[in-house]
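Report on the structure given below.
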Amino acid sequence: MSTPALQEEKEEPVIPLFAERPEWADVVPLEQYEGVNPLAPILYSPVYKDATNYFRGIVRTGEKSQRVLELTEAVIRLNPAHYSAWQYRYETLLSINAPLDVELKLMDELAVKYLKTYQVWHHRRLLLTITRKPAQELDFITRSLTADTKNYHTWSYRQWLLAYFNDEDELWTGELDFVDAMLAQDVRNNSAWHHRFFVVWGCGVREGEEDRGRVYKRELTYVKQNISLAPNNLSAWNYLRGIMEHTKTSFASVKAFVRPYTLPIDPTSVDIVDLENPPPTKGANLPCPSAIEFLADVYEQEKNTLEAIELWTSLANTHDVIRKKYWEHRIRDALEASRI
């Protein structure tokens, strides 16, 4: 159970003490440390202690009622990661047959307020498995992402929603356009790149996407163009690797595209329009470590061990020194493999 201590910088919600409310006089609060003298007790605020004491009291009696929803909401607002309060709230909602559309409206507020709290998104999942009305959820998620475009829990919830209701094709209609918009806003948004792979490759074949060869060519062109715009964007290079590994395409097939990104920028070069292999934009910071790594992997696949080692050495000593030990490990492995 998550247990927040008092923090001066955190403004606690103003909640009247349950001990002072006549309608709660019949409940016997249960102290967390009842009969125990802890060596280093957590310094809870009086408001949090009061709410959780009454929460433990109703759990002990097994009460499930409208006022329990009020109590669990108070606990959650004080500590949104209190998973026991979330679970008991969910059980209470089902037990008293509470209107789940009202609960979802409350979650609209809490999910945005506590974006980085796993429990609020898990609770929302549980509600959707019962209501089975996912149509408006994508719009809600899109609005939530405006607060934090890379929030893991929000993206994870979106993928869960699409996967759980996978057969509802209308949910998928604008999903690729949505990802395009997110990447146009921030081409380095790794969460958006991950979601693109999920949409295109990871969750079935949609209508109009049956020709996977055509889809691969479209995605290859898309990722090349984005690498051209931001050569040191690791997310795009990972996407390139991902689609090639997924389709079992040889890395060597993009060698001509990758090579210019492994070389220093040529200030005398003129702009060239090459839709097949778009060159780095002017002013790009080259050589690009991700491109060097990719080209080294091409050489390794081609059994050109010496060329691969030369590139790994440049990464270890110059272009990616922070991972020097890793590149030295790759070099040792390659040398040992070549002796076998």
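The values are calculated or read from the model by the stated rules, or taken from the named source; none is laboratory data. Small disclaimer: the values here were computed from a predicted structure and weren't measured. Methodologically, a virtual Cβ is constructed for each residue, glycine included, from the backbone with ideal geometry; neighbour enumeration extends over all protein chains shown. Quick note on the areas: whole protein, heavy atoms, side chains included, nothing else; ligands and nucleic acids left out. Shrake-Rupley method; radii C 1.70, N 1.55, O 1.52, S 1.80 Å.
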> Is there any pair linking a residue in the range 237-249 that is at negative phi to one that is open to solvent by 40 Å² or more (accessible area, probe 1.4 Å) and part of a helix (DSSP H, G or I), with Cβ under 7 Å and at least six apart or on different chains, and which?
Replying inline: Tyr239/Phe197; Gly242/Phe197
>> Out of everything in the range 133-155 that is open to solvent by less than 20 Å² (accessible area, probe 1.4 Å) and outside any helix (DSSP H, G or I), what residue ends up being nearest to Tyr90 (Cα to Cα)?
In response: Pro134
> Among the helices (runs of 4 or more DSSP H) confined wholly to the range 202-281, which include 1 or more residues that are among the aromatic types (Phe, Trp, Tyr) and surrounded by fewer than 19 Cβ atoms within 10 Å (Cβ to Cβ)?
Replying inline: 212-229
> Just for helices (runs of 4 or more DSSP H) wholly inside the range 15-132: which have at least 3 residues that are touching a residue at least 24 places away in the same chain (Cβ under 8 Å), over 32 Å from the mean Cα position of the chain (by Cα) and farther than 30 Å from Ser144 by Cβ?
Replying inline: 46-61
> Is there a residue being open to solvent by 30 Å² or more (accessible area, probe 1.4 Å), modelled with pLDDT of 95 or more and either not in a loop (DSSP other than H, G, I, E, B) or not hydroxyl-bearing (Ser, Thr, Tyr) (or both) anywhere in the range 2-13?
Replying inline: no
> Considering the range 57-68 alone, what residues qualify as being under 18 Å from Gln119 (Cβ atoms) and open to solvent by 10 Å² or more (accessible area, probe 1.4 Å)?
Replying inline: Val59
>> Give all pairs with beta carbons closer than 6 Å in which a residue from the range 320-338 that is under 13 Å from Ile292 (Cβ atoms) meets a residue that is not hydroxyl-bearing (Ser, Thr, Tyr); count only pairs at least 6 apart in sequence or on separate chains.
In response: Asp320/Pro289; Trp327/Trp312; Trp327/Leu315; Trp327/Ala316; Arg330/Trp312
> Only one residue in Pro80, Pro22, Pro16, Pro38 is over 28 Å from Leu126 (Cα atoms) and open to solvent by less than 60 Å² (accessible area, probe 1.4 Å). Which one?
Replying inline: Pro38
>> Against the definition (open to solvent by less than 60 Å² (accessible area, probe 1.4 Å), outside any helix (DSSP H, G or I) and free of Cβ contacts under 8 Å to residues at least 60 places away in the same chain), how does Leu295 come out, yes or no?
In response: no
> Which of the residues that make up the range 83-98 are over 21 Å from Asp26 (Cα atoms) and either open to solvent by less than 10 Å² (accessible area, probe 1.4 Å) or not small (Gly, Ala, Ser) (or both)?
Replying inline: Tyr83, Trp86, Gln87, Tyr90, Glu91, Leu93, Leu94, Asn97
>> Is it the case, given these coordinates, that Ile309 is open to solvent by less than 90 Å² (accessible area, probe 1.4 Å), at pLDDT 95 or above and among the hydrophobic types (A, V, I, L, M, F, W, C)?
In response: yes
>> Could you go through the range 156-177 and let me know if any residue there is at negative phi, open to solvent by 30 Å² or more (accessible area, probe 1.4 Å) and among the basic types (Lys, Arg).
In response: no
>> What's the total number of residues in the range 118-132 that are open to solvent by 20 Å² or more (accessible area, probe 1.4 Å) and either under 22 Å from Met182 (Cα atoms) or of a type in the set (S, T, N, Q) (or both)?
In response: 3
